[in-house]
Amino acid sequence: MADFTSEHVSASGRSGHNDGVVRSAFALIRALVQAQCPVGVTRLAAAVGLPKTTAHRILEQLAREGVVTRRDHEWALRTALSDLSQASYRADLAGVAQLRMHALTRATGATLFLYVHSPGQPLNAVSRSYGARTVGAVTAPAQRRAAEHPASAVWRALNLGQLAAEYGEAHPKVDCMATPMALPTGDTAILTLAEPRGVNLEPFKHPLDRTIALILSDLRDLEP
């Protein structure tokens with residue numbers, strides 16, 4: 001009976017140790033996802049609260065499994081893992097944004113589009129909410145072309161890093177305003193509001209900023 005108990009305790013100890021290693025490994029992976037660039041082991045260990053030697057040992061194990069890679073004494077997720085984490089984040093973004101955008105459309109009647117921009121990549125439309133005033137004027141292909149126009153509110157907001165507006169320059173039938181928000185993935189999301197020409201955009205500034213804040217808050221709530 002004593003032998004059985006000793007063996008059982010030993011096995012439980014190993015199980016608890018393994019659970020701790022798994023949690024530490026995921027903590028390191030999350031830290032690399034958030035960093036979006038190669039990070040030294042000292043910084044990583046401090047970020048997740050591990051001894052440097054422990055963090056280094058776990059990173060070496062993750063490297064053998066093809067999860068991370070070492071570049072000039074710094075660590076990074078392998079490209080496939082980084083792409084997967086970004087795709088998952090964009091799915092979360094589209095889901096929470098859709099609810100907030102529909103709420104703003106119901107409250108104001110405005111048409112809204114959400115784009116994500118990655119450095120060196122084309123705009124990616126991830127969510128939209130049509131208001132009755134622009135349904136006939138702003139078809140999906142027309143809005144896609146308007147967003148890609150260099151004078152569009154989307155590109156102005158990206159270039160300025162703040163809320164921007166344009167009046168009939170990208171699309172002859174609508175005025176637009178857009179505001180950007182930085183994402184933890186390193187991308188930029190741009191929330192755009194469209195109204196028929198001549199509608200005063202000023203009253204929409206605060207609701208647009210408020211919607212951005214709510215989307216970011218919702219995304220933080222989804223974080224583990």
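The values are calculated or read from the model by the stated rules, or taken from the named source; none is laboratory data. In this text, all values refer to a predicted model and were calculated from it rather than measured experimentally. Ideal geometry is used to build each Cβ from the backbone, glycine not excepted, and the neighbour counts take in all protein chains shown.
Give all pairs with beta carbons closer than 7 Å in which a residue from region 94-111 that is at pLDDT 95 or above meets a residue that is among the charged types (D, E, K, R); count only pairs at least 6 apart in sequence or on separate chains.
Between residues of region 94-111 that are at pLDDT 95 or above and residues that are among the charged types (D, E, K, R), there is no close pair.
Where in region 1-82 are the helices (runs of 4 or more DSSP H), entirely inside, with at least 3 residues that are modelled with pLDDT under 80? Break it down into steps so the answer makes sense when it comes.
Values: elements: 2-35, 41-48, 52-64.
Correct list: 2-35.
Any residue that is charged (D, E, K, R) and under 24 Å from the mean Cα position of the chain (by Cα) - is there at least one of those in region 106-127?
We begin by selecting, within region 106-127, every residue charged (D, E, K, R); these are 106.
Adding the requirement that they be under 24 Å from the mean Cα position of the chain (by Cα) leaves none.
For region 106-127, residues charged (D, E, K, R) and under 24 Å from the mean Cα position of the chain (by Cα): absent.
Looking only at region 174-194, decide whether some residue is at pLDDT below 90 and farther than 21 Å from residue 34 by Cβ. I'd like the intermediate steps shown before the answer.
Here is the first cut: in region 174-194, the ones at pLDDT below 90 are 182-187.
Next, from what is left, pick out any that are farther than 21 Å from residue 34 by Cβ: none.
Taking every residue of region 174-194 in turn, none turns out to be at pLDDT below 90 and farther than 21 Å from residue 34 by Cβ.
Quick one: is residue 164 free of Cβ contacts under 8 Å to residues at least 60 places away in the same chain and closer than 11 Å to residue 212 by Cβ? Talk me through it step by step, then tell me what you get.
On the way: free of Cβ contacts under 8 Å to residues at least 60 places away in the same chain: yes; closer than 11 Å to residue 212 by Cβ: no.
No; evaluated as a whole, the condition is false for this residue.
Please go through region 131-145 and give me each residue that is surrounded by fewer than 19 Cβ atoms within 10 Å (Cβ to Cβ) and free of Cβ contacts under 8 Å to residues at least 60 places away in the same chain, ordered by number.
Of all residues in region 131-145, those surrounded by fewer than 19 Cβ atoms within 10 Å (Cβ to Cβ) come to 132-133, 135-137, 139-142, 144-145.
Listed by number, the residues that qualify are 132, 135, 136, 137, 139, 140, 141, 142, 144, 145.
For residues that are within 13 Å of residue 77 (Cα to Cα), surrounded by fewer than 18 Cβ atoms within 10 Å (Cβ to Cβ) and small (Gly, Ala, Ser), tally how many sit in region 28-67.
3
Just to check your reading of the model, which residue among 213, 165, 189 is assigned to a strand (DSSP E or B), of a type in the set (A, V, I, L, M) and surrounded by fewer than 20 Cβ atoms within 10 Å (Cβ to Cβ)?
Values: 213 fails: assigned to a strand (DSSP E or B); 189 fails: surrounded by fewer than 20 Cβ atoms within 10 Å (Cβ to Cβ).
Unique residue meeting the criteria: 165.
Looking only at region 192-210, which residues are in a loop (DSSP other than H, G, I, E, B) and closer than 19 Å to residue 162 by Cβ? Give the steps one after another, and end with the answer.
Looking only at region 192-210, we keep the residues that are in a loop (DSSP other than H, G, I, E, B), and these are 197-201.
Within region 192-210, 201 is the sole residue that qualifies.
Any idea which of (1) within 15 Å of residue 114 (Cα to Cα); (2) out of contact with any strand residue (DSSP E or B) (no Cβ under 7 Å at 6 or more places or on another chain); (3) surrounded by fewer than 17 Cβ atoms within 10 Å (Cβ to Cβ) is the one residue 198 doesn't satisfy?
(1)
Of the conditions (1) out of contact with any Cys (no Cβ under 9 Å at 6 or more places or on another chain); (2) under 20 Å from residue 99 (Cβ atoms), residue 194 fails just one. Which one is it?
Of everything listed in (1) out of contact with any Cys (no Cβ under 9 Å at 6 or more places or on another chain); (2) under 20 Å from residue 99 (Cβ atoms), residue 194 misses just condition (1).
Return the residue satisfying two criteria in turn: it lies in region 168-182 and is under 22 Å from residue 103 (Cα atoms) and not small (Gly, Ala, Ser), and of such residues it is surrounded by the most Cβ atoms within 10 Å (Cβ to Cβ).
176
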